[in-house]
Amino acid sequence: QVRLVESRGGLVQPGGSLTLSCAASGTIFSIYAMAWYRQAPGKQRELVAQINSPGSTRYADSVKGRFTISRDNARNTVLLQMNNLKPEDTAVYYCNGGYGHYNNDNPLRDWGQGTQITVSS
């Protein structure tokens, strides 16, 4: 009965910022690790960022210094703050989670349905 629901996403100009959220219901959130992945048109799914519980993090090289993943434990939510967005960030972004630990690029069991981010002027 785990359910991961992402926020809307949308259109943002290059250099702009946007924060995604993913609300996790049906989980023991204190021991539930979470992550963001994305898939651009014509490309394979790739890691964006991961956060374990407690909150150690990992980032793809392409987003380091621009994106920040965090946990809002009071709301059972993971956030992805995206700054200095680039056209190559355009993709469907997927929330991921599971009762495990991220220590490589592989996802855990549960997925959200995805949200579209388009970076364009």
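The values are calculated or read from the model by the stated rules, or taken from the named source; none is laboratory data. Predicted, not measured: the structure shown is a model, and the values here were computed from it. Using ideal geometry, Cβ is built from the backbone for each residue, glycine included, and neighbour counts are taken over all protein chains shown. Side chains are part of the model used for accessible areas, which takes the heavy atoms of the whole protein and leaves out ligands, DNA and RNA. Shrake-Rupley method; radii C 1.70, N 1.55, O 1.52, S 1.80 Å.
So here's what we get for this one:
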{"item": "Strands (runs of 3 or more DSSP E) enclosed by segment 40-117 - at least 2 residues per element that are within 17 Å of Ser7 (Cβ to Cβ)", "result": "46-51, 67-72, 77-82, 91-98"}
{"item": "Residue tally, condition open to solvent by 50 Å² or more (accessible area, probe 1.4 Å), of a type outside the set (D, E, K, R) and under 17 Å from Leu108 (Cβ atoms), over segment 1-13", "result": "2"}
{"item": "Checking Ser30 against (1) modelled with pLDDT of 95 or more; (2) closer than 24 Å to Gln1 by Cβ, the condition it does not meet", "result": "(1)"}
{"item": "Residue among Tyr102, Tyr93 that alone is within 21 Å of Phe29 (Cβ to Cβ), open to solvent by less than 40 Å² (accessible area, probe 1.4 Å) and either charged (D, E, K, R) or in contact with an Asp or Glu (Cβ under 8 Å, 6 or more places away or on another chain) (or both)", "result": "Tyr93"}
{"item": "First in segment 91-119 and farther than 21 Å from Leu18 by Cβ and touching a residue at least 24 places away in the same chain (Cβ under 8 Å), second anywhere and acidic (Asp, Glu) and assigned to a strand (DSSP E or B), Cβ under 7 Å, 6 or more apart", "result": "Gly98/Asp110"}
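So that you can scan it fast, the table gives a plain yes or no per residue for (1) open to solvent by less than 50 Å² (accessible area, probe 1.4 Å); (2) in contact (Cβ under 8 Å) with a residue 24 or more places away in the chain; (3) acidic (Asp, Glu); (4) under 17 Å from Ala33 (Cβ atoms):
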site: Arg45; (1), (2), (3), (4): no, yes, no, no
site: Ile51; (1), (2), (3), (4): yes, yes, no, yes
site: Ser62; (1), (2), (3), (4): no, yes, no, no
site: Arg66; (1), (2), (3), (4): yes, no, no, no
site: Ser70; (1), (2), (3), (4): yes, no, no, yes
site: Leu85; (1), (2), (3), (4): yes, yes, no, no
site: Glu88; (1), (2), (3), (4): no, yes, yes, no
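Results for (1) under 19 Å from Val119 (Cα atoms); (2) at pLDDT below 95; (3) surrounded by 12 or more Cβ atoms within 10 Å (Cβ to Cβ), shown as yes or no for each residue.
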position	(1), (2), (3)
Gly15	yes, no, no
Ala23	no, no, yes
Arg38	yes, no, yes
Pro41	yes, yes, no
Pro54	no, yes, no
Ala74	no, yes, no
